[in-house]
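Engineer: Please read through the structure below; I'll follow up with questions.
The values are calculated or read from the model by the stated rules, or taken from the named source; none is laboratory data. Just so you know, these numbers come straight off a predicted model, no measurement behind them. Positions of Cβ are generated from backbone atoms using ideal geometry, with glycine treated the same way; all protein chains shown enter the neighbour counts.
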Amino acid sequence: MAEDKIYMDFDPNDFVIRISPFLDQKGNWTGELLVGSCTTDENSVSDEDYVNLMQITHMVCASIPAMESDETVRSTLLKYAEDALEEQEEEKPKLRLVETDDNVIKVNFK
């Protein structure tokens, strides 16, 4: 039986990190991952930029085993992730209902 594939749209110069979880027979994650990276054949960055961007991509991929083996790395990255999540939540405007009049709704995003 062929597995379903989802094809996503990427720009030619994107460097993509793919994390594939291993699942047991019940469909639950086993805790194991397959981590890889790719870019397109149409990537047009210079050779020097390509090497630098691929190095960054590999470093991001390497952060997973580094987190597993080093609690300081894990704690540092967790703090960065939590801070980024807080920033995203702060950027979302807060919707506040001001008034309704029949089918007209006035809202305030402050």
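Engineer: Starting from the stretch 60-74, keep only residues that are in a helix (DSSP H, G or I), then list their pairs with residues that are among the hydroxyl-bearing types (Ser, Thr, Tyr) whose Cβ atoms are within a distance under 7 Å, requiring at least 6 positions of separation or different chains.
Structural biologist: Cys61/Ser37
Engineer: Go through the stretch 15-35 and give me each residue that's closer than 17 Å to Glu68 by Cβ and either among the hydroxyl-bearing types (Ser, Thr, Tyr) or within 16 Å of the chain's Cα centre (by Cα) (or both).
Structural biologist: Going residue by residue through the stretch 15-35, those that are closer than 17 Å to Glu68 by Cβ are 17, 19-22, 29-35.
Residues satisfying the conditions are Ile17, Ile19, Ser20, Pro21, Thr30, Leu33, Leu34, Val35.
Engineer: Further question on the same structure: Checking the conditions here, which among Leu23, Leu33, Leu85 is surrounded by 10 or more Cβ atoms within 10 Å (Cβ to Cβ), modelled with pLDDT of 95 or more and not acidic (Asp, Glu)?
Structural biologist: Leu23
Engineer: Just give me the residues in the stretch 36-58 being surrounded by 12 or more Cβ atoms within 10 Å (Cβ to Cβ), outside any helix (DSSP H, G or I) and more than 20 Å from the chain's Cα centre (by Cα), in sequence order.
Structural biologist: Correct list: Asn43, Val45.
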